[in-house]
Every structure is written in structure tokens, then in C-alpha cells.
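Colleague: Please read through the structure below; I'll follow up with questions.
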Amino acid sequence: MADARIRASADQVKAAIRRYGDQLTRYALPMALTRTAQDAKLAVQRALPETFDRPTPYTIKSTFVRPATKADPVAWVGFKDDAGKGTPAARYLLPNVEGGPRRDKRMERQLRAAGLLPAGMFAVPGEEARLDAYGNMRRSEVVRILSQTQAFGEQGYTANRSDSARSRKKRRRNGYFAALPGNAGGLPPGIYQRDGADARPVVIFVRAPSYRPRFRFHDIVERVVRANIGRRLEEAVRTVNARFAARR
């Protein structure tokens, strides 16, 4: 998971204890760390469109903050590594933070499990792929591809297609098919859609891409921490001090 710990330096904590007392700092420090982590989260969200081409709202909203507590005075900011049935943002963003090979997307895992995507290869949109406003393949087309190439598994396959004679004839004329390496037609490996006698490249299989670090996640977080932790600690001390005063 791409994440970073937000903690005050030992000198800052010692100075706060000397000035405000241990009891006050126990309450103020977690608040200051959490607010600083929230500052860092906003900075990461603003930086994403500066590095990536049209990141989806899902990607931008995938940043999270785990608050600091009295028992564990460390706040975390990072990318979520769970997404239900989707692809966690940490899975495809982490190689851009730390470098290395890209991980499989959900569609690729399904194609690979069905024996259609060769080992060591990945799927990228072809010239005829229908893309959404963010440059990604439309989900509706992905569903049709997985259904017609039987990559859903038997239950999903039969649930997403009709077996009428008319629909079978239409699929033969306009359906999707997989071309594996060394296929008789000499097509580059990938997924194609039939268009009469022609085959339109919708997905192309390529060798595993390897990324160099280009999203400076840790630098962004560190810069925000240095710029904000002192101010956030002072604010938290004032807030906690006011709460204690109100209880007297």
C-alpha cells in the first residue's frame, strides 16, 4: 500500500510538553497529526491530475486518512487497497510511486484465468476500443468481451448472453474473439470484434510494462508535514485548552 506516516518530530513534542504539559499534549498531538494528515491527503488529491491524464473520481477519492489516537499517536495517509469488486487504487498507483511492473487489472485476471491472456502479457485498449471520458475502456464493452470470450466463468457467461439462434448468428457476425500468439490469421495477440470479414482490434496483448517512479507521493506528504505540523499543533493546543477551560 502506498502510504505515509504523519508524526511530529521528537523536538516538537518535547517543546510542546514543556510549554503546555504532558496531559494537554496527549490530547492535542493526535488532533494535530490527524489534521496534518488531512492536509497531506488534499495535496495528494490535487497532485494526481498533474501527473496522470484524467484520473477518475474513483482514483482521486481513493486517498484516505487513518487518524492518530492517544494510544497510537501516528496518522496515516495513503491509497485504499480494497475496492469490493473493482480494482483497488493502490494496485495500479503503487507502481507509479515505487516503480516496478504493473499489477493485473480485474479484466486481465479473468482473461488469464480463462487461458486467453498469455503469461507475462497485459491487456491495453486497441484502436477500436470504446473509451470513456477518462480514457478507459467502457465497462459495457468490457462486460461484452468477457461474456462472449467466456472469461466470466460458466455462470456469468450464461447470465450475460442470450442463446437464441438469432443472437448466435449476430455474435458470429459481430462478436468478440481472442487471437492468441501464433494464431493462423497472423493477428497480433489480443481481443478482436468481427466486422463482416474484417477483425477490429479492441484489446491488444503486450509484454509486461515496467514503470519508473513518477508520482512523488512521499515527497508531497513530507513537504506538507514540514509546512503544517507546527501550525496544526498550535491550533490543536488552543482547541484542547479551550475545551478544558469550558469544563472548569
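The values are calculated or read from the model by the stated rules, or taken from the named source; none is laboratory data. Just so it is clear, the model here is predicted, and its values are computed rather than measured. Heads up, the Cβs are rebuilt from the backbone with ideal geometry, glycines too, and the neighbour counts pull from every protein chain shown.
Colleague: Scanning the range 112-142 for residues that are on the phi > 0 side of the Ramachandran plot and touching a residue at least 60 places away in the same chain (Cβ under 8 Å), which turns out farthest from the chain's Cα centre (by Cα)? Talk me through it step by step, then tell me what you get.
Modeller: Of the range 112-142, the ones on the phi > 0 side of the Ramachandran plot are 115, 120, 135.
Checking the rest, the ones that are also touching a residue at least 60 places away in the same chain (Cβ under 8 Å) come to 120, 135.
Values: GLY120: 21, GLY135: 15 Å.
Selected residue: GLY120.
Colleague: Then there's this: Output yes when any residue across the range 63-85 is modelled with pLDDT of 85 or more, of a type in the set (A, V, I, L, M) and over 21 Å from ARG223 (Cβ atoms), and no when none is.
Modeller: Within the range 63-85, one or more residues are modelled with pLDDT of 85 or more, of a type in the set (A, V, I, L, M) and over 21 Å from ARG223 (Cβ atoms).
Colleague: To continue, here is another question. Farther than 15 Å from LEU117 by Cα, among the aliphatic types (A, V, I, L, M) and at pLDDT 80 or above, is that true of LEU131? Let's see the steps before the verdict.
Modeller: Working: farther than 15 Å from LEU117 by Cα: yes; among the aliphatic types (A, V, I, L, M): yes; at pLDDT 80 or above: yes.
The answer is yes for LEU131.
Colleague: Would it be correct to say that ARG103 is assigned to a loop (DSSP other than H, G, I, E, B), of a type outside the set (Asp, Glu) and surrounded by fewer than 18 Cβ atoms within 10 Å (Cβ to Cβ)? Walk me through how you get there before you give the answer.
Modeller: On the way: assigned to a loop (DSSP other than H, G, I, E, B): yes; of a type outside the set (Asp, Glu): yes; surrounded by fewer than 18 Cβ atoms within 10 Å (Cβ to Cβ): yes.
Yes, satisfied.
Colleague: While we're looking at this one, here's another question. Of the residues ARG223, ARG212, which single one is touching a helix residue (DSSP H, G or I) at 6+ places or on another chain (Cβ under 8 Å) and among the basic types (Lys, Arg)?
Modeller: Only one candidate passes the filter, namely ARG223.
Colleague: Based on this model, can you work out whether ALA47 counts as without any contact (Cβ under 8 Å) to a residue 60 or more places away in the chain, in the same structural domain as SER9 (by TED's automatic domain parsing) and of a type in the set (A, V, I, L, M)? Steps first, answer last, please.
Modeller: Working: without any contact (Cβ under 8 Å) to a residue 60 or more places away in the chain: no; in the same structural domain as SER9 (by TED's automatic domain parsing): yes; of a type in the set (A, V, I, L, M): yes.
Here the answer is no, as ALA47 does not meet what is asked.
Colleague: Going residue by residue through the range 25-41, is there one that turns out to be of a type in the set (Ser, Thr, Tyr), part of a helix (DSSP H, G or I), farther than 22 Å from ASP219 by Cα and at pLDDT below 85? Give the derivation first.
Modeller: Filtering the range 25-41 for residues of a type in the set (Ser, Thr, Tyr) gives 25, 27, 34, 36.
When the remaining residues are screened for being part of a helix (DSSP H, G or I), the result is 25, 27, 34, 36.
Narrowing further to those that are farther than 22 Å from ASP219 by Cα: 25, 27.
Cutting the leftovers down to at pLDDT below 85 gives us 25.
Within the range 25-41 (the criterion being of a type in the set (Ser, Thr, Tyr), part of a helix (DSSP H, G or I), farther than 22 Å from ASP219 by Cα and at pLDDT below 85), the answer is yes, since at least one residue qualifies.
Colleague: Can you name the residue in the range 123-144 that is outside any loop (DSSP other than H, G, I, E, B) and in contact with a helix residue (DSSP H, G or I) (Cβ under 6 Å, 6 or more places away or on another chain) and, of all such residues, is surrounded by the fewest Cβ atoms within 10 Å (Cβ to Cβ)?
Modeller: Step one: list which residues in the range 123-144 are outside any loop (DSSP other than H, G, I, E, B), which gives 123-125, 131, 137, 139-144.
Subsequent filtering for residues that are in contact with a helix residue (DSSP H, G or I) (Cβ under 6 Å, 6 or more places away or on another chain) retains 123, 142.
Working: ALA123: 24, VAL142: 22.
The selected residue is VAL142.
Colleague: Could you run through the range 180-212 and say how many residues are among the small types (Gly, Ala, Ser), at pLDDT below 90 and under 17 Å from ALA119 (Cβ atoms)?
Modeller: 3
Colleague: For ARG91, are the conditions met, namely being within 14 Å of the chain's Cα centre (by Cα), in a loop (DSSP other than H, G, I, E, B) and under 25 Å from ILE191 (Cα atoms)?
Modeller: Numbers: within 14 Å of the chain's Cα centre (by Cα): yes; in a loop (DSSP other than H, G, I, E, B): no; under 25 Å from ILE191 (Cα atoms): yes.
Considered against the rule, which asks whether it is within 14 Å of the chain's Cα centre (by Cα), in a loop (DSSP other than H, G, I, E, B) and under 25 Å from ILE191 (Cα atoms), ARG91 comes out as no.
Colleague: Pairs under 7 Å by beta carbon, first residue on the phi > 0 side of the Ramachandran plot in the range 180-198, partner surrounded by 13 or more Cβ atoms within 10 Å (Cβ to Cβ), six or more apart or different chains?
Modeller: GLY190/GLY126; GLY190/ALA179; GLY190/PRO201; GLY190/VAL203; GLY190/ILE204; GLY190/PHE205
Colleague: Pairs under 9 Å by beta carbon, first residue over 20 Å from ASP39 (Cα atoms) in the range 230-245, partner in a helix (DSSP H, G or I), six or more apart or different chains?
Modeller: Sorted first by the residue in the range 230-245, then by its partner, the pairs are ASN241/TYR20; ASN241/LEU24; ASN241/ALA28; ARG243/TYR27; PHE244/GLN23; PHE244/LEU24; PHE244/TYR27.
Colleague: From the list PRO73, PRO88, PRO95, exactly one residue is in contact with a Phe, Trp or Tyr (Cβ under 6 Å, 6 or more places away or on another chain) and of a type outside the set (Gly, Ala, Ser). Which is it?
Modeller: Details: PRO73 fails: in contact with a Phe, Trp or Tyr (Cβ under 6 Å, 6 or more places away or on another chain); PRO88 fails: in contact with a Phe, Trp or Tyr (Cβ under 6 Å, 6 or more places away or on another chain).
Result of the check over PRO73, PRO88, PRO95: PRO95.
Colleague: Taking the stated definitions as given, is THR25 in contact with a strand residue (DSSP E or B) (Cβ under 8 Å, 6 or more places away or on another chain), crowded, with 17+ Cβ neighbours inside 10 Å and polar (S, T, N, Q)? Working first, answer last.
Modeller: Working: in contact with a strand residue (DSSP E or B) (Cβ under 8 Å, 6 or more places away or on another chain): no; crowded, with 17+ Cβ neighbours inside 10 Å: yes; polar (S, T, N, Q): yes.
No, not satisfied.
Colleague: Here is a follow-up. Only one of these is buried (at least 19 other Cβ atoms within 10 Å of the Cβ) and among the β-branched types (Val, Ile, Thr): THR51, THR56, THR69, THR63. Name it. Steps first, answer last, please.
Modeller: Numbers: THR51 fails: buried (at least 19 other Cβ atoms within 10 Å of the Cβ); THR56 fails: buried (at least 19 other Cβ atoms within 10 Å of the Cβ); THR69 fails: buried (at least 19 other Cβ atoms within 10 Å of the Cβ).
Within the list THR51, THR56, THR69, THR63, the selection yields THR63.
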